Amino acid sequence: MTTRNGREAPLTVGIDVGGTNIRASVVDGSGEVLDTVQAPTPHAARALEDGLARAVRELRSRHEIGAVGLAVAGFVDETRSSVRFAPHLPWEDSAVAGRLTERLGLPVILEHDANAAMWAEYRFGAAAGAHNGVLVAIGTGIGAALLVDGRLYRGSYGVAPELGHLQVVPQGRACPCGKRGCWERYCSGTALVDTAIEMLATDPMRSTILAREVFADPGALTGRKVAGGAQDGDPVALQVMADFARWLGLGLAFVGDIFDPDLIVIAGGVSSSAALFLDDAREHYAAAVTGARHRPLARIRTTQLGEAAGMIGAAELARSALEPATSASRSGSGVDDESGSGEPDDRGSRTAARSRAQRNSVKAAQPQPNSAKATRAQPNGSSGRGSANSAARGPGAKTGTRRR
């Protein structure tokens, strides 16, 4: 146990459930990773849950654990107990948290991986002290998370925000989501490759490094190799990174116009090459955001916690579920409470109550067997909005003065 604000903070486990590997870490109340285990990700639901249980039990054999948090790259429901859909995992409309809680005898919560990373950066890293923040995790695609008034915003149904699928080019590049011209098709590790191939097709003689890569094996080119070529001065690779910086800046300007954050954190695998694009992206952002000369601009930083952010954030959110009820009620103000949780755990009950009210309203509107007319449903007073998102797509890792 570590002490936080005069109280003992239990150790918790945060698990990054990736499509390739499971990484589970014991995290203390100050965000320090004390122990980690890793294993390949099974491709069947039962086998995956067996693997998660084994990882937790191995860590429990060495540490006293209070709760478990899973950072998942997919849609997590508003109660943070079920996975609606995860493209690289064998779960769909699956009550994962309940099954694992029963198996482990510990509280288990789920979180979108980008949300988990955002929470870790807010509590312990690059977003410490932020009021309204956005995390943009750039890897194969784009994952994102929103912090509003010191609270994660998940939307009404737990799936916000899908910033990577904002359309920036009508009828542009095809996206696996089914749309065309999504932001992540121009600003991601995958986009680096696509842009490089397009440029090489136009003028292959301008390149030295990338041309050799593509000639040897067209399928072997990766975003990391494009960034490496830029570092080595390849003209096409440098042009690709300039194009990437432009799309990043333009996309962040959209984000700035909509959310007006005071801080943007760039995370994900591509962030390790930030020296090649971030300064240019800041300039594009400042040029494109509305009213730039008449408003403060968001600070744009890279992650401090790196690839550990999702695990740290999931562990911290699991710890908040163990906080006393009084802490949960205090955190309703939307600002991180003195316990550090800032995340009340009563969303599920509010959502369930709202759903019951909506069902009752619909039922009241149905014709009754012995009635000639349907009874008109009466307003139930519900706004229809859920509580304030998933790693998550979540959600990198992560000190400065923390907002209290």
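Details
- For the stretch 176-255, the Cα-based Rg and Dmax, in that order, read 12.7, 39 Å.
- Linear extension gain, Ala39 paired with Gln167, 0.36 nm per residue minus alpha-carbon span: 42.4 nm
- Trypsin sites (Lys or Arg not before Pro) restricted to DSSP loop in the stretch 19-126 with at most 12 other C-beta within 10 Å: Arg62
- One decimal place: the segment Ser272-Tyr157 gains 38.2 nm when fully extended, by the rule 0.36 nm per residue minus the C-alpha distance.
- Spin-label pair His63-Glu102: with each label point 7 Å from Cα along the Cα-Cβ axis, the two points sit 2.7 nm from one another.
- Average accessible surface for the stretch 218-316: 44 Å² per residue, computed with a 1.4 Å probe over protein heavy atoms with every protein chain in place.
- Projected label points at Cys177 and Thr290, each 7 Å from Cα along the beta carbon direction, are separated by 2.1 nanometres.
- Fraction of accessible area attributable to carbon and sulfur, the stretch 65-192 (%, probe 1.4 Å): 55 percent
- Equivalent ellipsoid dimensions for the stretch 35-172 as semi-axes, Å, which come from the Cα gyration tensor, largest first: 27, 19, 14
- Beta bridges per DSSP, both residues in the stretch 33-112: antiparallel share near 45 percent.
The values are calculated or read from the model by the stated rules, or taken from the named source; none is laboratory data. Keep in mind it's a predicted model, so treat the numbers as computed, not measured. In this analysis, Cβ positions are derived from the backbone assuming ideal geometry, glycine residues included, and neighbour counts consider all displayed protein chains. Please note that ligands, DNA and RNA were not included when accessible areas were found on the heavy atoms of the full protein model with its side chains. Shrake-Rupley method; radii C 1.70, N 1.55, O 1.52, S 1.80 Å.
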